[in-house]
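Undergrad: Got a structure here, written out as structure tokens. Questions coming.
Values in this text are rule-based calculations from the coordinates and carry no lab data. Being a predicted model, the structure only gives us computed values, none of them experimental. We place every Cβ from the backbone using ideal geometry, glycine too, and count neighbours over all the protein chains shown.
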Amino acid sequence: MKTRNMLVSLGGNAILKHTEKGTAKEQFENVRKTSEYIVELISEGYHLALTHGNGPQVGDILLAYDYAKDYLPPMPLDVCGAQSQGMIGYMFQLSLKNILKDWGIDKSVVTILTQTLVHPEDPQFENPSKPIGPFYTALEADQLRREKNWTIENDSGKGFRRLVPSPIPLGFVEEACIKTLYDSGDLVIASGGGGIPVTLTDGRLKGIECVIDKDYAASLLATLIEAEILLILTDVEKISLYYGTPREEGLDHLSKSEALKYLEEGHFPPGSMGPKVKSAIDFLDFGGKKVVVTSLESALDALKGNTGTTIDG
Ligand code: ADP
Ligand code: MG
């Protein structure tokens, strides 16, 4: 059987469903189910690395610090990102190890707490656009703007929320160890939540309070490990045209140029399908062979070409 190098990028619902509260039990149960699918892919001969989102988890960590602020010093966003990477990485390390054992596969599972490099003058720093953390009243918002110099805006009438920049990821501080461990056959989990954003100035690293789009970081990671395939698992079976309208049409196959054309026509909105399609195009531009977008349940079938959306040359 031919071994195929692949990066699997897990969307939010692989860890926590929209309808759930986020208890440890719920998250472990989701991660266990997700891990079953991952190990099945390994048993089919794929050599894979994993990455994942962290939106709900980092949101809960920020909320907990906010509630506890009279008792505990709140941690900055980069530190909260690190906490979420550690937490999710642990749940996967435990579940994957158990399931690999069930399948008789001897493999180490390791999470690399990943720092992602961003440019200190990325234009996104001038335009914080990602809402993050708890909702505030107008009064609290005023106070936080003054005390912490945060950008806070009214979030679709539901209350006031902090906005942070989302700069473009340029590389990973830990890229040499990610590559070494991956090449040695380990199951590597890296760049969780897009990684912890850091800058490198005059040879010094510095954590930055912003977020990185996990889809953009995923294409960078896939290129780094020289993956042939980028498998993006989300909560739809296929990418659609006219999504959410009566004209909705699921796509089986897209060429890179068709993907770009539909992206420009506005079929894939920013904040959901847009970054996935953009990162697919980047991955193909940097030598990747194909990108498959589908749901967790359909992963294996989609890799065989029976469902999902395949984007290639
Ligand atoms: P993830 O956590 O996997 O990153 P997102 O919510 O960011 O998930 O993106 C997946 C979502 O994108 C789908 O649940 C769907 O609602 C939405 N979406 C937007 N446009 C499209 C489209 N053209 N085709 C399919 N899904 C789309
Ligand atoms: Mg997303």
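Undergrad: Which trypsin sites (Lys or Arg not before Pro) does segment 63-104 hold that lie in a coil by DSSP with at most 12 other beta carbons within 10 Å?
TA: Details: sites: Lys69, Lys97, Lys101; in loops: Lys69.
Counting only loop positions with at most 12 other Cβ atoms within 10 Å, the trypsin sites (Lys or Arg not before Pro) in segment 63-104 are Lys69.
Undergrad: Counting pairs of alpha carbon atoms under 8 Å apart in space and at least six apart in sequence, what relative contact order in percent does the chain give? Can you show the working numbers first?
TA: Numbers: 606 pairs, mean separation 63.2, N = 313.
Averaging sequence separation for qualifying contacts and normalising by length gives 20 percent for the chain.
Undergrad: Let me ask something additional. Taking the chain as a Gaussian network, Cα atoms linked when under 10 Å apart, which of Asp122, Asp202, Asp301 shows the biggest mean-square fluctuation?
TA: Asp202
Undergrad: Please compute the volume of the convex hull spanned by the alpha-carbon atoms of the chain and report it per residue in Å³. Display every interim value, and only then the final one.
TA: Details: hull volume 46.4 nm³, N = 313.
About 148 Å³ per residue, rounded to a whole number.
Undergrad: Hey, another quick one. Skipping prolines and chain starts, which residues have an amide H placed within reach, meaning under 5 Å, of the one on Leu254, given they are 5 or more residues away or on another chain?
TA: Placed amide hydrogens put Thr310, Ile311, Asp312 under 5 Å from Leu254.
Undergrad: Assign one of three labels to segment 33-184, namely rounded, prolate or oblate, based on the Cα gyration tensor with a ≥ b ≥ c the square roots of its eigenvalues; rounded applies when a/c is under 1.5, prolate when it is not and a/b is larger than b/c, and oblate otherwise. Spell out each step's value before the answer.
TA: Values: a/c = 2.72, a/b = 1.96, b/c = 1.39.
Prolate.
Undergrad: For segment 225-282, what relative contact order do you get, as a whole percent, if you take Cα pairs closer than 8 Å and at least 6 residues apart?
TA: The normalised contact order for segment 225-282 reaches 28 percent.
Undergrad: May I ask you to list the lysines whose Cα is less than 27 Å away from that of Lys130, ignoring any residue fewer than eight positions away on the same chain?
TA: By straight Cα distance, Lys130 reaches Lys17, Lys21, Lys69, Lys148, Lys158, Lys206, Lys214, Lys238, Lys261, Lys276, Lys278.
Undergrad: Would you please name the trypsin sites (Lys or Arg not before Pro) within segment 201-262 that are DSSP coil residues with at most 12 other C-beta atoms within 10 Å of their C-beta? Working shown, then result.
TA: Numbers: sites: Arg204, Lys206, Lys214, Lys238, Arg247, Lys256, Lys261; in loops: Lys238, Arg247.
Sparse-neighbourhood loop trypsin sites (Lys or Arg not before Pro): Arg247.
Undergrad: Out of segment 172-277, which chymotrypsin sites (Phe, Trp or Tyr not before Pro) are coil in DSSP terms and have no more than 14 other C-beta atoms within 10 Å?
TA: Working: sites: Phe172, Tyr182, Tyr216, Tyr242, Tyr243, Tyr262; in loops: Tyr242, Tyr243.
Passing both the DSSP loop test and the Cβ count: Tyr242.
Undergrad: Bin by bin, in steps of 5 Å, what percent of the Cα pairs in segment 236-292 do you find, going until the bin that has the longest distance?
TA: Bins of 5 Å from zero give 4, 19, 32, 27, 13, 4, 1, 0 percent of pairs.
Undergrad: Taking square-rooted eigenvalues a ≥ b ≥ c of the alpha carbon gyration tensor, is segment 180-237 rounded, prolate or oblate, where a/c under 1.5 means rounded and, failing that, a/b exceeding b/c means prolate?
TA: Numbers: a/c = 2.52, a/b = 1.37, b/c = 1.83.
In terms of gyration-tensor shape, oblate.
Undergrad: Let me ask something else about it. Tell me whether segment 118-240 comes out rounded, prolate or oblate; compute the Cα gyration tensor, take square roots of the eigenvalues as a ≥ b ≥ c, and use a/c under 1.5 as the rounded threshold.
TA: Details: a/c = 2.86, a/b = 1.63, b/c = 1.76.
Verdict is oblate for segment 118-240.
Undergrad: Less than 12 Å apart at the alpha-carbon level, and either on another chain or at least 8 residues along: which aspartates and glutamates does that give for Lys256?
TA: Candidates past the 8-residue exclusion: Asp282, Asp285, Asp312.
Undergrad: With a 10 Å radius around each residue's Cβ, average the other Cβ atoms per peptide and rank 36-48, 8-20, highest first.
TA: Numbers: 36-48: 17.6, 8-20: 19.7.
In descending order of packing, they fall as 8-20, 36-48.
Undergrad: Something else now. Sequence-distant or interchain residues sharing an amide H contact under 5 Å with Ile189, placed H: which?
TA: Leu50, Val110, Thr111, Ile112
Undergrad: For segment 230-294 and segment 1-38, compute the distance between their C-alpha centroids and round to whole Å.
TA: Value for the Cα centre distance between the two parts: 21 Å.
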